[in-house]
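Student: Quick one: structure below, then a few questions.
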Amino acid sequence: MTTTDTILASARQRAPGQPYAGAVTPEEAFTLLQGDARVKLVDVRTNAERDWVGRVAIPEAQHAAVQWATYPGGAPNPAFGAQLAQVAQPDEVLLFLCRSGVRSRHSARVATELGYIQSYDILEGFEGDRDLEGHRKTLGGWCKAGLPWIGA
């Protein structure tokens, strides 16, 4: 069994009963992106979040940006499916990333409904949950894990 197969098997077990393929940790997502060209990270945060907070630092070919909701206002992106179709193929392993792991779950579900059957949620998101002082990037997520990212 390859590293990719092992991680994806664990991801499926981590999300039983979910309408998408599974859930990976940020570290697992990064490992998958290093070892398998058919894996793509889909950042579903708003353009403003990527511009003002930061973004993952991985090769362009391995990630795409498709907003789940728009800024300002947070209205659902009516073009989500069409935009996803422009950047992803149905046979790719898609890893959905948002701020804390909520929008990524919804995105993975909708992508699965659209025929992207290898859609995974990245747990904890880019910044993770808020700590007791209301700060992010301290409890979990891509940044807290020390994975490569570019600040705003």
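The values are calculated or read from the model by the stated rules, or taken from the named source; none is laboratory data. Worth saying up front: this structure is predicted, and the values here are computed from it rather than measured. Please note: Cβ atoms are built from the backbone with ideal geometry, for glycine as well, and neighbour counts cover all protein chains shown.
Student: Take the conditions under 23 Å from Phe30 (Cβ atoms) and exposed (fewer than 15 other Cβ atoms within 10 Å of the Cβ) and apply them to Ile150. Does it pass?
Tutor: The answer is yes for Ile150.
Student: Before we move on, is Val110 within 29 Å of Thr138 (Cβ to Cβ) and in contact (Cβ under 8 Å) with a residue 12 or more places away in the chain?
Tutor: When the stated conditions are applied, Val110 does not pass them.
Student: Among the strands (runs of 3 or more DSSP E) lying completely within the stretch 62-143, list those that include at least 3 residues that are within 20 Å of Ser10 (Cα to Cα).
Tutor: Those strands (runs of 3 or more DSSP E) span 93-97, 119-122.
Student: Which is touching a Cys at 6+ places or on another chain (Cβ under 7 Å) and not in a helix (DSSP H, G or I), of Arg45, Arg55?
Tutor: Answer to the selection: Arg45.
Student: Which of the residues that make up the stretch 53-90 are among the β-branched types (Val, Ile, Thr) and surrounded by 15 or more Cβ atoms within 10 Å (Cβ to Cβ)?
Tutor: Selection gives Val53, Val56, Ile58, Val66, Thr70.
Student: OK, next. Testing Ser10 on (1) small (Gly, Ala, Ser); (2) crowded, with 16+ Cβ neighbours inside 10 Å; (3) closer than 19 Å to Ala108 by Cβ, one condition comes back false. Which one is that?
Tutor: (2)
Student: When residues of the stretch 95-110 are filtered for being surrounded by 21 or more Cβ atoms within 10 Å (Cβ to Cβ), of a type in the set (A, V, I, L, M, F, W, C) and under 18 Å from Pro16 (Cα atoms), how many remain?
Tutor: Qualifying residue count for the region: 3.
Student: For the stretch 4-36, which positions are out of contact with any strand residue (DSSP E or B) (no Cβ under 7 Å at 6 or more places or on another chain) and without any contact (Cβ under 8 Å) to a residue 24 or more places away in the chain?
Tutor: Matches in the stretch 4-36: Asp5, Thr6, Ala9, Ser10, Gln13, Pro16, Gly17, Glu28, Gln34.
Student: List the pairs whose first member sits in the stretch 129-142 and is hydroxyl-bearing (Ser, Thr, Tyr), whose second member is in a loop (DSSP other than H, G, I, E, B), and whose Cβ atoms are under 6 Å apart, counting only residues at least 6 apart or on separate chains?
Tutor: Taking only residues 6 or more apart or on different chains, the pairs are Thr138/Asp131.
Student: Still on this model: For the stretch 30-39, check the following and say yes or no: at least one residue is buried (at least 17 other Cβ atoms within 10 Å of the Cβ), of a type in the set (Lys, Arg) and either modelled with pLDDT of 95 or more or not in a helix (DSSP H, G or I) (or both).
Tutor: no
Student: Going by the structure shown, is Ala61 modelled with pLDDT under 95 and either more than 13 Å from the chain's Cα centre (by Cα) or at negative phi (or both)?
Tutor: yes
Student: Suppose the filter is among the small types (Gly, Ala, Ser), under 15 Å from the mean Cα position of the chain (by Cα) and modelled with pLDDT of 95 or more; does Ser119 pass it?
Tutor: Answer is yes for this residue.
Student: Quick one: which of Glu133, Glu113 is of a type in the set (Asp, Glu), over 21 Å from Asp36 (Cβ atoms), surrounded by fewer than 15 Cβ atoms within 10 Å (Cβ to Cβ) and modelled with pLDDT of 95 or more?
Tutor: Glu113 is the lone residue from the list that is of a type in the set (Asp, Glu), over 21 Å from Asp36 (Cβ atoms), surrounded by fewer than 15 Cβ atoms within 10 Å (Cβ to Cβ) and modelled with pLDDT of 95 or more.
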